[in-house]
Amino acid sequence: MRRELLSFKQIVYLLILFITGSTIILPVGTEAKQDIWAAVILAIVMTVPMVLVYARILSLFPERNLLEINEQILGKIVGRFINFMFAFYAFTLCALVLDNFGQFINVTAMPETPLAIPMVILCLLALWATKEGLEVIARSGEIYFPIIVFAAAFTFLFLTPNLNIQRLQPPLHQNSEGIVSAALHLFSFPFAETVIFMMIIYSSKKTKAMTKVYLAGLVIGGAIILLSVTSVMAVIGPERYQATYFPAYLAVQTINVGDFLQRVEVVVFLIAIFAGFTKISLCFYAACKGFSNALGCKEYPFLAVPLGLLEFLFAANLFNNTKQMARWASEVYLYFAFPFQVALPLILWIVGEVKQRGRQGSPEVDLHDESQG
Amino acid sequence: MKKSACVLLVIWHLFVLWSMAGCWNFREIRDLAVVIGASFDKKDDQIYLTVEVLNPKGGEQDRGTSGSLGIKPQLFEGSGKTVFEAVRNMISKVGRKLYWSHARVFIVSEDVAKEGIIQIIDWINRDAEVRPQTWILVSKGQAAGDILRTRSKLFDTVSMQIDTLLRSQGNSGKLLAVTVGDFMEEMQKPGVGAVAPTVESMKDEREQIPEVTGSALFREERLVGFLNGEETMYLLFLRNQMKKGTLIAATADHPKANVSLEVFRSHTIKTVRLVDDRPVVDIWIDCLTGIAEISKENDVISERGSQKLTERTNERLQNKITDTIKKVQKEYGTDVFGFGNLIYRERPDIWGTIPKGGWSKVFPTVGTNVNVNIMLRGSAKLSEPTRVGE
Amino acid sequence: MLSFQNRQELVNELEYHYFIFVLFSFFGLVEARQLYRQKQRKELAFYLFLLLPGLVFTVYMATQVGLLSIAERLDFWLGRMPQ
């Protein structure tokens with residue numbers, strides 16, 4: 001099987017796009033109200049140890065991604081079952097993000113177009129990207145990244161006159177419950193979702209320091225999220241932030257520079273679609289890879305078409321309205337994602353450490369393992 | 001055979017793709033009825049909606065007169081049990097689908113506002129086409145539709161006149177411009193009552209013209225009272241929204257002589273403290289002004305004279321502002337000054353001791369302490385009062 | 001009988017399900033043939049196993065109005081009624 005090599009920079013770009021993906025348009029961390037900045041920081045701090053675990057697992061087994069590591073340390077049957085679970089997680093996540101974008105476009109721009117149309121278009125794009133391979137996704141990420149940075153900087157610059165620090169007051173007053181709850185939600189969406197990356201990247205000579213890659217992506221992506229949600233909160237205030245499905249859109253609507261530069265909501269679409277495309281493609285790619293591994297096939301691209309159809313059908317039937325989407329995102333997703341984001345990686349890490357120690361003790365096993373892999 | 005089947009399939013496929021391409025619900029500009037202003041009235045449980053729709057084709061002969069673009073507005077009326085029903089019912093009268101993205105002004109009648117404004121404002125905020133940057137006004141004492149039925153003299157439509165006026169609100173200093181988004185936020189925020197400007201139709205020579213006069217005060221979602229233009233100015237000072245305007249000051253030497261001051265810049269700082277378990281709000285207003293008019297020959301420009309003038313003006317302004325606060329506290333009981341929000345923001349510990357929903361009871365007892373500091377800068381083109389020769 | 005008076009009507013008649021069905025059937029034919037030629041029997045079996053139910057469900061979806069969403073179904077199974 002052809003190995004797909006990514007450079008350090010490409011992985012970091014993908015991580016940033018993945019983290020910003022749909023987070024930037026959705027009302028994340030509403031429980032924290034005006035202290036959302038604190039919740040984001042807390043969530044990043046909570047994610048750092050998890051990310052270190054992810055990176056450690058990958059570094060323990062160079063040249064292998066999560067799927068192969070599972071097979072190696074848990075045995076064929078258990079490993080493939082776990083891979084199937086991870087693939088299902090990626091598949092579900094992809095459907096959720098697709099649904100978010102479908103709802104976003106449906107609610108804000110094209111209320112009369114069926115919800116499924118934007119979804120099927122994004123789904124076809126993801127399908128195509130997966131067929132072309134990870135390198136293509138990474139290169140498209142390289143192209144998108146500067147555009148998104150420019151668009152986001154431009155938007156932020158013109159939002160500054162509307163920022164009102166009073167909307168962030170009173171800071172940190174008897175709100176610890178809200179902050180912690182918001183931070184937990186932010187941890188599960190989007191920061192710890194980077195567990196998907198373990199299924200598609202592996203540590204090699206080219207990307208040696210997995211820890212560095214993961215931390216760089218997390219910190220930069222987290223900083224972008226921090227900046228964006230805080231400024232959105234300072235523009236529309238906690239009450240309206242909570243009441244609307246897509247607060248960033250509402251905030252950007254207020255941009256009005258000299259009656260000339262206004263109605264620039266399209267920029268939000270630009271950012272959301274580019275970053276969202278990356279997130280959807282990566283999840284879909286991971287799902288294809290995971291399923292092909294679980295089914296015991298060597299290649300993955302042949303699964304793209306049937307899975308793409310199922311993905312679309314899944315996403316189209318997931319929720320009937322935006323309220324359901326918001327409710328499930330806030331009440332269910334946290335518990336659904338927990339085993340994949342925390343429990344399984346922790347178990348894998350411990351098992352991996354133990355096995356690797358054993359290997360160091362007896363070089364024969366090492367040789368045996370090498371020949372098998 | 002196989003090849004031809006393949007080609008057929010491709011052609012069929014292209015046909016399908018071609019027919020699917022393009023916009024799903026494309027709308028040409030000729031299919032739209034662009035709404036520029038709307039008003040909401042209520043009678044017998046029916047919401048009466050009047051919209052001003054631009055007719056870009058009509059009135060081309062008028063082009064060139066008094067800055068007009070030659071646009072003639074058309075008024076349409078529709079009714080329904082809800083706003084949305086009224087909007088949809090109107091299609092049968094207008095003939096086209098109403099397009100709301102360019103609406104500039106929404107006028108709500110006093111009766112609707114007294115009954116509760118959520119029935120209107122929810123739709124405005126919910127609908128994807130309507131923008132939260134639209135101005136909201138309350139028509140005082142008359143049906144909101146009558147405001148749109150007046151005639152603007154310089155502008156093509158009444159809505160355009162009100163829009164331009166509210167955009168440059170600063171110059172008169174007695175106008176408060178509120179967008180639907182701001183209104184919504186103030187209505188939902190803890191410890192602040194929403195305000196909206198009021199609009200009336202005035203008789204001018206032969207025609208009725210629209211006039212924006214003062215402000216309407218809301219408690220929760222209901223209209224509770226009005227402030228006139230002068231009181232609105234003090235409200236602007238208190239909300240730190242004063243940009244430009246005029247102040248009338250009297251001097252000590254000649255009681256009847258007025259000096260007009262032009263406000264260049266104003267800044268208000270509010271802090272809160274507790275005195276005997278009662279919140280007291282300290283208000284400092286720094287106001288940069290210049291002399292715009294002196295109506296009697298008296299000395300207000302020399303150092304001694306100008307000092308006296310500022311002292312007198314400070315005192316006068318302090319009294320007026322305190323009176324306005326007292327009036328709102330006593331008569332309306334709605335915290336349009338945002339004192340509660342100030343306490344919530346800066347002293348959340350005090351806010352925590354007030355039971356939920358109890359602010360409207362506490363607000364009338366809040367003590368205030370107003371300090372005004374007028375700074376004089378210049379006296380426009382003339383360096384001295386206009387003197388009369390002997 | 002379809003009447004193609006204008007494009008909008010055509011689109012409404014066909015609905016996007018048809019588009020999806022045609023597109024994925026086309027993909028499916030091409031790819032399944034390729035897999036068959038390359039003698040990847042296991043892959044072909046999985047391919048059809050995943051694709052065919054999807055196509056059947058697409059047709060089913062086109063004929064249904066107001067299907068229960070997956071979220072609602074899960075709510076129902078877990079015994080949690082939506083508020």
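One table, with the values for the structure above:
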quantity	calculated
Residues of type lysines that A:K76 reaches as a straight line, Cα spacing below 20 Å, ignoring anything fewer than 8 places off in the same chain	A:K289, A:K298, A:K355, C:K42
Span per principal axis, largest first, for the Cα atoms of the protein assembly as shown (Å)	118, 73, 52
Computed over chain B: relative contact order in percent, which uses C-alpha pairs under 8 Å that are six or more apart	12 percent
Percent RCO, i.e. relative contact order, over chain A, from Cα pairs under 8 Å lying at least 6 residues apart	38 percent
Selected from A:N83, B:F339, A:A316, residue furthest toward positive end of dipole (the protein assembly as shown; charges at beta carbon)	A:N83
In nm, spacing of pseudo-spin labels at B:H13 and B:R206 (7 Å Cα→C-beta vector)	7.3 nm
Unmatched cysteines, chain A - criterion: no other Cβ of a Cys under 4.7 angstrom	A:C123, A:C288, A:C297
Spatially proximal lysines relative to B:K72 (Cα-Cα < 17 Å; intrachain offsets below 8 disregarded)	B:K57, B:K153
Calculated FRET efficiency for the pair A:F336/A:V257, C-beta based, R₀ 56 Å, to 0.05	0.85
Between 0 and 90°, nearest 10: helix B:229-238 axis offset from chain B longest Cα axis	90 degrees
Listed residues A:E177, A:E311, A:E31, most fluctuating in chain A (Gaussian network, C-alpha, under 10 Å)	A:E177
Quarter of Cα convex hull surface for chain A, i.e. mean projection, nm²	18.4 nm²
Cα lying deepest toward the dipole's positive end in the protein assembly as shown, options B:M184, B:L54, A:F154, charges on Cβ	A:F154
Per-residue mean of C-beta atoms belonging to partner chains within 10 Å, peptide B:129-138	2
Under DSSP loop assignment and at most 14 Cβ neighbours within 10 Å, longest trypsin sites (Lys or Arg not before Pro)-free interval of chain A	A:4-204
FRET efficiency for A:F156 and B:S4, using Cβ-Cβ distance with R0 set to 45 Å, rounded to 0.05	0.20
Over segment B:228-390 - Rg/Rh using Cα atoms and the Kirkwood inverse-distance radius	1.08
Residue-span extension gain [B:D349 to B:V275] - 0.36 nm each, minus C-alpha spacing	25.2 nm
For residues of A:249-257, the mean tally of beta carbons on other chains within 10 Å	2
Rg to Rh, two decimals, where segment B:28-227 supplies the alpha carbon set and Rh follows Kirkwood	0.95
Exceeding the 20 Å Cα-Cα cut-off - candidates A:K9/A:K279; B:K42/B:K140; B:K326/B:K361; B:K243/B:K381; B:K189/B:K244	B:K243/B:K381; B:K189/B:K244
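Only the coordinates and a few stated rules stand behind these numbers; no lab work does. No experiment lies behind these values; they were computed from the predicted model shown. A quick note on method: Cβ atoms are made from the backbone with ideal geometry, for glycine too, and the neighbour counts reach across all protein chains shown.
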